[in-house]
1. Can you find even one residue in region 47-70 that is at pLDDT 95 or above, open to solvent by less than 40 Å² (accessible area, probe 1.4 Å), in a loop (DSSP other than H, G, I, E, B) and touching a helix residue (DSSP H, G or I) at 6+ places or on another chain (Cβ under 9 Å)?
2. Checking Asp85 against (1) surrounded by 20 or more Cβ atoms within 10 Å (Cβ to Cβ); (2) at pLDDT 95 or above; (3) out of contact with any Asp or Glu (no Cβ under 9 Å at 6 or more places or on another chain), which test does it fail?
3. Can you tell me which residue among Met33, Met40 is surrounded by fewer than 13 Cβ atoms within 10 Å (Cβ to Cβ), at pLDDT below 60, in contact with a strand residue (DSSP E or B) (Cβ under 8 Å, 6 or more places away or on another chain) and under 24 Å from Ser149 (Cα atoms)?
4. Checking Ser110 against (1) more than 19 Å from Leu12 (Cα to Cα); (2) modelled with pLDDT of 95 or more: exactly one of these is not met. Which one?
5. Going through region 153-162 one residue at a time, which ones are out of contact with any Leu (no Cβ under 6 Å at 6 or more places or on another chain) and open to solvent by 30 Å² or more (accessible area, probe 1.4 Å)?
6. Evaluate the following for Gly75: is it closer than 23 Å to Ser182 by Cβ, of a type outside the set (Phe, Trp, Tyr) and surrounded by fewer than 17 Cβ atoms within 10 Å (Cβ to Cβ)?
7. Could you list all residues from region 83-131 that are in contact with a helix residue (DSSP H, G or I) (Cβ under 6 Å, 6 or more places away or on another chain), in a strand (DSSP E or B) and not aliphatic (A, V, I, L, M)?
8. So Leu159 clears everything in (1) in a helix (DSSP H, G or I); (2) under 14 Å from the mean Cα position of the chain (by Cα); (3) in contact (Cβ under 8 Å) with a residue 40 or more places away in the chain except one condition, right? Which one?
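The values are calculated or read from the model by the stated rules, or taken from the named source; none is laboratory data. Every value quoted in this text rests on a predicted model; they were computed, and no experiment measured them. Virtual Cβ from ideal backbone geometry, glycine too; neighbours counted across all protein chains shown. Surface accessibility is based on the protein's heavy atoms, side chains included, excluding ligands, DNA and RNA. Shrake-Rupley method; radii C 1.70, N 1.55, O 1.52, S 1.80 Å.
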Amino acid sequence: MSGWRSAPGIALTLEALVDLQAGQGAMPRQRPMARRAGVMASRHPGSGMDLREIRAYVPGDDPRRMDPSASARTGVPHVRALHEDRDDITLLIADLRGPMLWGTGDALRSVRGALHLAGLGWQAVARQGAVGLVVAEGTGVRVLPPATSAGHMLTLCRLLVDRHAAALADPPGTAPLTEALSLAARTAPTGAHVVLATLPDGWQGADAALSRLARGRRVEVALILDPLETAPPARPLPVRQGGATRLLRLQPADLGGQTDRLAAMGAVARRVEP
């Protein structure tokens with residue numbers, strides 16, 4: 001990477017993502033008793049072996065809990081989840097489509113979104129949870145299945161940096177997030193925490209996929225705001241379209257309608273301001 005793509009605020013650096021690990025607290029000395037990534041022994045086991053649910057297999061599941069009947073019936077591997085386990089799985093979804101590669105402040109919206117997600121990822125690692133990543137690009141989707149450990153989180157950060165650099169080199173399109181959200185629903189088990197970092201209105205066009213993702217999961221849509229949307233200039237700005245130029249006075253972004261629509265789909269909207 002060279003030239004303008006390496007400028008601060010435009011480039012996403014591994015150092016910036018790794019620095020977010022500081023201040024997340026020391027890792028506990030004890031290891032979780034559960035074997036599956038992101039599943040920790042509960043302090044309240046209840047009956048100990050009661051079936052909680054039968055769900056699709058995700059990488060890291062204990063194969064000894066495979067459910068033959070459900071697997072044969074659906075054609076997809078399924079496992080039996082028991083009450084003595086407590087899921088702590090965080091799935092991050094980074095929107096790196098074209099509209100995210102823009103900004104009027106000290107960093108692109110895409111950079112700020114990646115930093116927001118990485119901070120949440122390091123928090124999950126600090127409590128011995130599992131964290132995974134889905135990257136939404138204009139021409140496809142990349143996925144890193146959830147797993148535990150700081151080493152895995154470092155791999156996740158490297159993937160973010162690599163895909164951000166690729167997006168800058170060849171700006172992607174603006175296809176809806178449907179594919180990324182559908183993949184997230186297959187990757188994140190019931191009870192997982194899913195965080196999508198996108199721009200205001202960035203989720204639109206994928207309403208049905210977002211609604212499906214929110215069923216049984218805690219879905220948060222982090223709306224990455226630009227300074228122009230939070231504190232626009234007081235004076236009118238010239239806007240040129242075609243051969244005509246006119247003056248427009250910008251207003252702060254009103255996210256009330258989006259917040260209500262997301263809530264109706266089972267998701268929570270979060271403002272992420274500069």
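1. No, there is no match, as no residue in region 47-70 is at pLDDT 95 or above, open to solvent by less than 40 Å² (accessible area, probe 1.4 Å), in a loop (DSSP other than H, G, I, E, B) and touching a helix residue (DSSP H, G or I) at 6+ places or on another chain (Cβ under 9 Å).
2. Unmet condition: (2).
3. Only one candidate qualifies: Met33.
4. (1)
5. Residues satisfying the conditions are Leu154, Thr155, Arg158, Asp162.
6. For Gly75, the condition - closer than 23 Å to Ser182 by Cβ, of a type outside the set (Phe, Trp, Tyr) and surrounded by fewer than 17 Cβ atoms within 10 Å (Cβ to Cβ) - is met.
7. Residue satisfying the conditions is Thr90 alone.
8. (3)
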